[in-house]
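Please read the structure below before turning to the comments.
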Amino acid sequence: MDEVPDIINLKLREEYVQIHRKELEEIGNCDWFLKNLIKYPPSKKDIYEIWEDKKTVMSIFDSLRFNSLIIYPNVSIDYMLLLCDKWTVPEELIEKLNEKQLEQIEPKKAKINIWDCIHLRCVNCKLGFNVIENKSDSCKFHSETFTHQFNTWTCCNTNNEYCKVGYHTASNGLYDVPNLIDSINSMMKGEIEEK
């Protein structure tokens, strides 16, 4: 009777991988394709030929070895799931892959700064403004009244569009309450998504 080699040679789409037989035999608490495959001698020169992607096979192997989902770079989760199903790998790995796949499909909820949603009314120009977007030249206004008799502003004696420039200024009690309530309700319902 031939001696069973300690090292298993896999040929995966023209790439070769060596795996210790004992390690492969101990993976998983159920029978699955690679574990069952090594029970039979390879067809030629101690090499098992499997026409699958090397990184995907190694992702499956290492995930089972370390009992943690490991996905090598550029490995398709869809392909890995199909291969796991085909090879009847332990169900725990398939569940982890399904969870990972769902994470990628579901839209990510943005981390929201409450100030992004709050709009205030400026005491100078009387316009609404967002606190985050308030800059040193956002507010343009006149500090006094317009006289129709002279067609000028009393603060600067001109009829220019504005004579003062600065930050918008809010005062207590001038919050845009309906917009604030709508924004907070949307945040609590999770309706605001990452763009």
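Going by average Cβ density within 10 Å per residue, which order do the peptides 81-93, 133-145, 49-61 take, highest to lowest?
Numbers: 81-93: 16.7, 133-145: 13.8, 49-61: 18.4.
Averaged packing, sorted descending, gives the order 49-61, 81-93, 133-145.
Computed over the Cα atoms, what is the radius of gyration of segment 7-105 divided by 2.2 N^0.38 Å, N being its residue count?
After normalising by residue count via 2.2 N^0.38 Å, the value is 1.05.
Quick one: compute the contact order of segment 7-105, relative version, from alpha carbon pairs under 8 angstrom and 6+ residues apart, as a percent.
28 percent
Over 23 Å between C-alpha atoms is what I'm after, so list which of 35/86; 54/96; 39/96; 55/100; 135/164; 11/100 land there.
39/96; 11/100
Label segment 57-100 by shape, choosing from rounded, prolate and oblate, from the square roots a ≥ b ≥ c of the eigenvalues of the Cα gyration tensor; if a/c is under 1.5 it is rounded, and otherwise prolate applies when a/b is larger than b/c, oblate when it is not.
Here segment 57-100 falls in the rounded category.
Where a number appears in this text, it was derived from the coordinates with a stated rule and is not lab data. Quick caveat: nothing in here was measured; it's all calculated off a predicted structure. Ideal geometry is used to build each Cβ from the backbone, glycine not excepted, and the neighbour counts take in all protein chains shown.
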